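Novice: Provided herewith is a single structure, encoded as structure tokens, for subsequent inquiry.
The values are calculated or read from the model by the stated rules, or taken from the named source; none is laboratory data. In this text, all values refer to a predicted model and were calculated from it rather than measured experimentally. Cβ coordinates were reconstructed from backbone atoms using ideal geometry, including for glycine residues, and neighbour counts include every protein chain displayed.
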Amino acid sequence: MEISNNKQLCHRQHYIPRFLQSGFASKKIGENVFSYWFNKFQDPIEVNIKNIGIERGFYGHPEHLDIEITEIEKVISKRILHLRTKQPHKIPIQEAAELIFHFSFRSKCLRIGLDLMVKPFLSKIKSKVLDDHKWVPLSKKWLKENPDILFNEISRYIPINDNIKTILLQNADIMITQDCVSPLFHGLIAALDNAISDSDFTAHAHINTLYKLLLNIKYPNWLNDFCFYLNSYPDNNLILGDVCSIGYNSSSHKYIPAIINTDNTSHIFLPISNCKYIYGVKNGFGNHPPEDLNLGIAQASREFFISSHNTANEKRLINELGNNSEFTNEAEIDSIVNSLFPTL
């Protein structure tokens, strides 16, 4: 992962790598690359890309997270540079899916989306589990469906064989009582209360653990549903948003961050330069015109986009920033909570 200098490792860290931003350069002076930076709070300005998509301590500590991202991007950067030199063609699923997933999960949009989602999510869990009497039947059901978790815990203290497992399962109704469950329930409610009332509690403190896990995943299986292509718009000016890659929901007709998977996501797009992009398509849907793609990039981005040009076309997109950047809504959070606690 790129940093401003080696002494600032784990301090100024790019969440949009410069090798991706360089495809949207407005000019180059020696080794310095510039691009126009568009956001809602000031007029567009031309900025050295070493100062775009960067935040102090974004990936935090320990240093090995930075090192692992750097090693991965040694390969990814070469792949991006190679694709920029090629004519439109079909791209192997693995190659394209890895690029799209990598840029999606390491973006700031993912972090902000999780931060905004976490407290409403915890509040709905709390309202769902307020009655501790509901936890006795739920605990019995959970134990019968996941007995190995109980057996593994008990085996830390006494040897477990098949006969003991049978006895434990047969007596689950007797073992799991209100007196047993209530202390666990009240501990859960207390933890939820502390998290919800803590003004500093966000997903931010735990997100690097998620990044660490995602580094070991090449890409999620749902990306196998797409066919991927490299395409070119030589007479148009594509932008790059802080969301990096976006999807298109064929049901709502909206562009959304690509990290969000829905059954109605028919397209995925990743701009790699001001005239070339990777796109994934499924179910026979066609490609999208560049003006629609730029509109979608602006809407799915949260804070800014960059461009090699500063014209009226780009300026019109400033007011669209963030219009479709939410990761979820109240109805979707309800659906998630209900799926986690179906019997409550």
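Novice: Pick from the range 46-70 the residues that are at pLDDT 85 or above and outside any loop (DSSP other than H, G, I, E, B): which of them is surrounded by the most Cβ atoms within 10 Å (Cβ to Cβ)? Outline the logic, then answer.
Specialist: As a first pass, look at the range 46-70 and keep what is at pLDDT 85 or above: 46-54.
Among the residues that remain, those that are also outside any loop (DSSP other than H, G, I, E, B) are: 46-51, 54.
Working: E46: 11, V47: 14, N48: 13, I49: 25, K50: 19, N51: 12, I54: 18.
Result: I49.
Novice: If you check F34, F38, F101, which single one turns out to be buried (at least 17 other Cβ atoms within 10 Å of the Cβ) and part of a helix (DSSP H, G or I)? I'd like the intermediate steps shown before the answer.
Specialist: Details: F34 fails: part of a helix (DSSP H, G or I); F38 fails: part of a helix (DSSP H, G or I).
Selected residue: F101, the only one of F34, F38, F101 that is buried (at least 17 other Cβ atoms within 10 Å of the Cβ) and part of a helix (DSSP H, G or I).
Novice: Another question, if that's okay. Check whether at least one residue in the range 315-330 is assigned to a helix (DSSP H, G or I) and modelled with pLDDT under 90, and report yes or no.
Specialist: Filtering the range 315-330 down to residues assigned to a helix (DSSP H, G or I) leaves 315-316, 318-320, 330.
From what is left, the residues that are modelled with pLDDT under 90 are 330.
Yes, some residue in the range 315-330 is assigned to a helix (DSSP H, G or I) and modelled with pLDDT under 90.
Novice: Still on this structure: Of the residues that make up the range 266-273, is at least one at pLDDT 90 or above, among the β-branched types (V, I, T), within 21 Å of the chain's Cα centre (by Cα) and buried (at least 18 other Cβ atoms within 10 Å of the Cβ)? Explain how you work it out, then say what you get.
Specialist: Of all residues in the range 266-273, those at pLDDT 90 or above come to 266-273.
Now drop any that are not among the β-branched types (V, I, T), which leaves 268, 272.
Imposing the further condition that a residue be within 21 Å of the chain's Cα centre (by Cα) reduces the set to 268, 272.
From what's left, buried (at least 18 other Cβ atoms within 10 Å of the Cβ): 268, 272.
Looking for residues that are at pLDDT 90 or above, among the β-branched types (V, I, T), within 21 Å of the chain's Cα centre (by Cα) and buried (at least 18 other Cβ atoms within 10 Å of the Cβ), one finds at least one in the range 266-273, hence yes.
Every residue, every condition in (1) within 22 Å of the chain's Cα centre (by Cα); (2) modelled with pLDDT of 90 or more; (3) of a type in the set (A, V, I, L, M), yes or no:
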{"site": "D193", "(1), (2), (3)": "no, no, no"}
{"site": "I217", "(1), (2), (3)": "yes, no, yes"}
{"site": "V243", "(1), (2), (3)": "yes, yes, yes"}
{"site": "N249", "(1), (2), (3)": "yes, no, no"}
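Novice: Condition check: in a strand (DSSP E or B), among the hydrophobic types (A, V, I, L, M, F, W, C) and modelled with pLDDT of 95 or more. Does L295 satisfy that? Don't jump to the end; show me each part of the working.
Specialist: On the way: in a strand (DSSP E or B): no; among the hydrophobic types (A, V, I, L, M, F, W, C): yes; modelled with pLDDT of 95 or more: yes.
It is false that L295 is in a strand (DSSP E or B), among the hydrophobic types (A, V, I, L, M, F, W, C) and modelled with pLDDT of 95 or more.
Novice: Something else about it: Would a scan of the range 83-94 turn up a residue that is under 19 Å from the mean Cα position of the chain (by Cα), part of a helix (DSSP H, G or I) and closer than 24 Å to E326 by Cα?
Specialist: Applying the first criterion (under 19 Å from the mean Cα position of the chain (by Cα)) to the range 83-94 yields 94.
So of that shortlist, the ones also part of a helix (DSSP H, G or I) come out as 94.
When the remaining residues are screened for being closer than 24 Å to E326 by Cα, the result is none.
Checking the range 83-94: not a single residue is under 19 Å from the mean Cα position of the chain (by Cα), part of a helix (DSSP H, G or I) and closer than 24 Å to E326 by Cα.
Novice: Does the range 12-31 hold any residues that are farther than 13 Å from N274 by Cβ and not in a strand (DSSP E or B), and which are they? Steps first, please.
Specialist: Quick first cut of the range 12-31, residues farther than 13 Å from N274 by Cβ only: 12-19, 28-31.
The answer is Y15, I16, P17, R18, F19, G30, E31.
Novice: Name, by its number, the condition in (1) in contact with a Leu (Cβ under 8 Å, 6 or more places away or on another chain); (2) under 28 Å from I256 (Cβ atoms) that does not hold for I112.
Specialist: The number of the failed condition is (1).
Novice: Which one of Y211, Y255 is modelled with pLDDT of 90 or more and buried (at least 16 other Cβ atoms within 10 Å of the Cβ)?
Specialist: Working: Y211 fails: modelled with pLDDT of 90 or more.
Residue meeting the stated conditions: Y255.
Novice: Using beta carbons and a limit of 6 Å, which pairs, at least six apart or on different chains, have the first residue in the range 115-135 and more than 13 Å from D193 (Cα to Cα) and among the acidic types (D, E) and the second one outside any helix (DSSP H, G or I) and modelled with pLDDT under 75?
Specialist: Short answer, once both residue conditions are applied: D115/T202.
Novice: If you don't mind, another one. Might you let me know whether the range 265-279 holds any residue that is aromatic (F, W, Y), farther than 25 Å from R84 by Cβ and touching a residue at least 24 places away in the same chain (Cβ under 8 Å)? Break it down stepwise before answering.
Specialist: Here is the first cut: in the range 265-279, the residues aromatic (F, W, Y) are 269, 277, 279.
Subsequent filtering for residues that are farther than 25 Å from R84 by Cβ retains none.
There is no residue in the range 265-279 that is aromatic (F, W, Y), farther than 25 Å from R84 by Cβ and touching a residue at least 24 places away in the same chain (Cβ under 8 Å).
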